[in-house]
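Rule-based calculations on the coordinates, nothing more; no lab input. Predicted, not measured: the structure shown is a model, and the values here were computed from it.
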Amino acid sequence: MKKGFTLAEVLITLGIIGVVAAMTIPTLMTKYAKQRTETQLVKFYSMRTRH
């Protein structure tokens, strides 16, 4: 008896990973952009209040 995965099993697994990634990545990018904007605002206002 051979050990290992069939081509179909590997392709199905990669397909599932692809679907999960496609649903997750836009959310992560949105959160990153929001965090970056908040950080820039904090830096801007902290520099403005020093002077």
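Using helices alone, what [θ] at 222 nm do you get for the chain, with -39,500 (n - 2.57) per DSSP H run of 4 or more residues, divided over all residues and rounded to the nearest 500? Working shown, then result.
Details: 1 runs with 44 residues, N = 51.
Calculated from helices alone, the mean residue ellipticity at 222 nm is -32000 deg cm²/dmol.
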Inset, instruction - Pop out the ³J(HN,Hα) list for the range 11-16 in order, Karplus 6.51 cos²θ - 1.76 cosθ + 1.60 with θ = phi - 60°, rounded to Hz; leave Gly and Pro as x. - result: 5, 5, 4, 5, x, 5
Legend entry - Candidate lysines - alpha carbon under 26 Å from Lys31, same-chain residues fewer than 8 apart omitted: Lys43
Inset, instruction - Using the Karplus curve 6.51 cos²θ - 1.76 cosθ + 1.60 with θ = phi - 60°, work out ³J(HN,Hα) for each residue of the range 23-40 in order, rounded to whole Hz, and write x for Gly and Pro. - result: 7, 8, 4, x, 5, 5, 5, 5, 5, 5, 5, 5, 5, 5, 5, 4, 5, 5
Inset, instruction - Work out the P(r) tail for the chain: percent of alpha carbon pairs separated by more than 18 Å, whole number. - result: 62 percent
